[in-house]
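Here is the structure we will look at, set down as structure tokens.
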Amino acid sequence: MSAADHAPGSFVIAIDGPSGTGKSTVARRVAAALGAGYLDTGAMYRLITLAVLETGIDPTDDEAVATMVASVTFDSPTDPSAQQHELAGRSVTSEIRGPEVTRAVTPVSANPAVREHLATRQRRLARSGRMVVEGRDIGTVIVPDAELKIYLTADADERARRRHRQDAGRTAAAVAPASDIAAVALDLARRDDADSSRQHAPLQAADDAVVIDSSQMELAETVATVLRLAAERGIRS
């Protein structure tokens with residue numbers, strides 16, 4: 001499907017980048033400001049990963065994961081204000097962000113069969129109207145003709161601090177202490193290396209993406225920058 005075939009008023013804003021840059025928060029706020037839908041493709045890989053773990057399959061067993069992926073049923077919410085994820089009819093919004101899934105999602109998301117299976121669904125949802133889509137390969141693979149492509153990045157220390165704050169906010173202090181920032185930085189570096197070096201759909205900026213380094217930017221400033229770029233391309237609320 002070419003850009004000319006899309007319904008009048010429809011668009012895709014693709015926001016790619018490594019972990020810890022704030023892609024999800026930025027994408028959701030941009031979508032809300034534009035009255036658009038929001039698609040978190042990373043959550044899809046986490047849902048598949050949770051299903052793999054619950055089935056007892058080794059996440060690194062590519063053949064076994066490829067065999068079971070087509071049987072996984074899950075919900076893909078597109079309302080930026082109501083991101084409730086369901087796996088086989090039950091809410092797993094918290095579970096897919098847990099440490100076990102986080103540790104296992106890298107090999108599952110690198111599985112070519114998983115990426116191919118999810119790509120069709122991601123493209124269909126991305127081109128279902130006015131959408132802000134975030135992930136690792138949206139502008140390069142999923143919607144290479146997106147009306148606006150953003151590659152959101154930040155320096156390693158700032159990304160680690162942001163992910164640390166995010167994890168601390170998600171975990172009650174009575175249950176577990178806040179993660180050590182150095183440990184978070186090591187984990188982000190591991191995921192960066194795996195995402196960037198995988199053979200199938202590696203993490204990289206599209207040639208025509210606008211690179212935004214948000215290291216020294218507040219969230220509101222980053223959102224405003226994306227909205228300004230969207231307006232320059234005729235995308236408005």
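Scanning the chain for DSSP H helices at least 15 Å long along the axis (C-alpha atoms) with a Kyte-Doolittle mean no lower than -0.5 picks out 23-34, 41-55, 99-110, 181-197, 219-232. Extending 7 Å from the Cα toward the beta-carbon at both Arg190 and Asp157 defines two label points whose distance is 2.3 nm.
The C-alpha radius of gyration of the range 40-125, expressed as a fraction of 2.2 N^0.38 Å, stands at 1.00. The packing ranking of peptides 33-41, 51-59, 151-159, highest mean first, is 33-41, 151-159, 51-59, where packing means the average number of other beta carbon atoms within 10 angstrom of each residue. Counted over the chain, the DSSP beta bridges are approximately 15% antiparallel. The sum of -39500 (n - 2.57) across all DSSP H runs of n ≥ 4, divided by the residue count of the chain, sets its helix-only mean residue ellipticity at 222 nm to -14500 deg cm²/dmol. Take the range 86-237 with all the other protein chains still there, run a 1.4 Å probe, and you get 51 Å² of accessible area per residue. Listed peptides 19-31, 183-195 appear in the order 19-31, 183-195 once ranked by packing, highest mean of other Cβ atoms within 10 Å at the front. Within the accessible surface of the chain, defined with a 1.4 Å probe on protein heavy atoms only, the carbon and sulfur portion equals 51 percent.
The values are calculated or read from the model by the stated rules, or taken from the named source; none is laboratory data. Owing to the predicted nature of the structure, the values given are computational and were not obtained by experimental measurement. Note: ideal-geometry Cβ built from the backbone for every residue, glycine included; neighbour counts use all protein chains shown. Please note that ligands, DNA and RNA were not included when accessible areas were found on the heavy atoms of the full protein model with its side chains. Shrake-Rupley method; radii C 1.70, N 1.55, O 1.52, S 1.80 Å.
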